[in-house]
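Below: one structure, written as structure tokens.
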Amino acid sequence: MHKIWFPIFLLPLLLFLSCNKDENSNIPLVSVNYYINMSNPAYIKVSVPGGWMYLNGGSRGLILYRASNDAFKVYDRHCTYTPTNSCAVVSVDASNITAVDDCCGSNFLIVDGSVTKNPANLPLKQYQTSFDGSVLHIFN
């Protein structure tokens, strides 16, 4: 019987590489680094939890969603299903909680970016945020 030798010290590296795969690697990597003064009247739509608005930036635009008084979610509007399709752009529907890609029919929750209706099976690409009580930083 032949024994297969595997260097045990490589196991953590293998696990690290498999766990850090970007779920949204199919969305183009675009630098995002914005600072928004939340007292600016232009951002009145996101002055209370549950509010949302579109922003320029990202691959095909951004959705800014206020999850709570001190937490925000920011998603790329680039649909994760067939992202090479030029019409793969999500828009928030009349419910104000679902983003829809009219091209493929996929739906996503804007509270967490998750898929609620296929054919997409990956969530919307999410950007990082930090908020100091007055200025919101959106970045990747």
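Throughout, read-outs are computed from the coordinates displayed, never taken from laboratory work. Bear in mind the structure is a predicted one, so any value in this text is a computation, not a measurement. All Cβ positions, even for glycine, are placed from backbone atoms using ideal geometry, and neighbour counts span all protein chains on display.
Annotations for the structure displayed:
- Residue list for the stretch 59-93, filter: farther than 15 Å from residue 111 by Cα and either without any contact (Cβ under 8 Å) to a residue 12 or more places away in the chain or hydrophobic (A, V, I, L, M, F, W, C) (or both): 79, 84, 86, 87, 88, 89
- Scanning the stretch 78-89 for residues that are of a type outside the set (Phe, Trp, Tyr) and either surrounded by fewer than 24 Cβ atoms within 10 Å (Cβ to Cβ) or over 13 Å from residue 27 (Cα atoms) (or both) returns 78, 82, 83, 84, 85, 86, 87, 88, 89.
- Inter-residue pairs, beta-carbon under 8 Å, first under 18 Å from residue 83 (Cα atoms) and touching a residue at least 40 places away in the same chain (Cβ under 8 Å) and in the stretch 95-117, second of a type outside the set (D, E, K, R) and assigned to a strand (DSSP E or B), 6+ apart: 113/75; 113/126
- Just one of (1) in contact with a strand residue (DSSP E or B) (Cβ under 9 Å, 6 or more places away or on another chain); (2) under 26 Å from residue 39 (Cα atoms) fails for residue 132. It is (1).
- Among the candidates 68, 95, 106, 130, residue that is more than 14 Å from the chain's Cα centre (by Cα), buried (at least 20 other Cβ atoms within 10 Å of the Cβ) and not basic (Lys, Arg): 106
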